[in-house]
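What follows is one structure encoded as structure tokens, with my remarks underneath.
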């Protein structure tokens, strides 16, 4: 979920969920819908598993303008990898798909502040 400051404020007033700060998204943890918990072999619904986070897919994730630099950095890294000469067609296709996914997330975040565009 992409959220502006007003939506974030409303979400923070909910006592039904626990708020966890993250580098790519913040998490309003709800064990019933957390994608990270679906990948666990030993169920433990007490907290999110950030290493298994899928912020562009999980309904618990909240991506804000504060997260934009991390997403932009990831897109820059993918563009750098796409410049490699010895990529297989499969690698190129996977990286291109990932770049499109990152671009959709970045575009959905509220407009970028004026200034130089990274990467």
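Bear in mind that the values in this text are calculations on the coordinates, not laboratory data. Everything numeric in this text was worked out from a predicted model, so none of it was measured.
Some notes on this structure:
- Multiplying the residue separation of residue 101 and residue 89 by 0.36 nm and subtracting their alpha-carbon distance yields 2.5 nm.
- Length available on full extension from residue 54 to residue 77: 0.36 nm per residue minus the Cα-Cα distance, which gives 6.5 nm.
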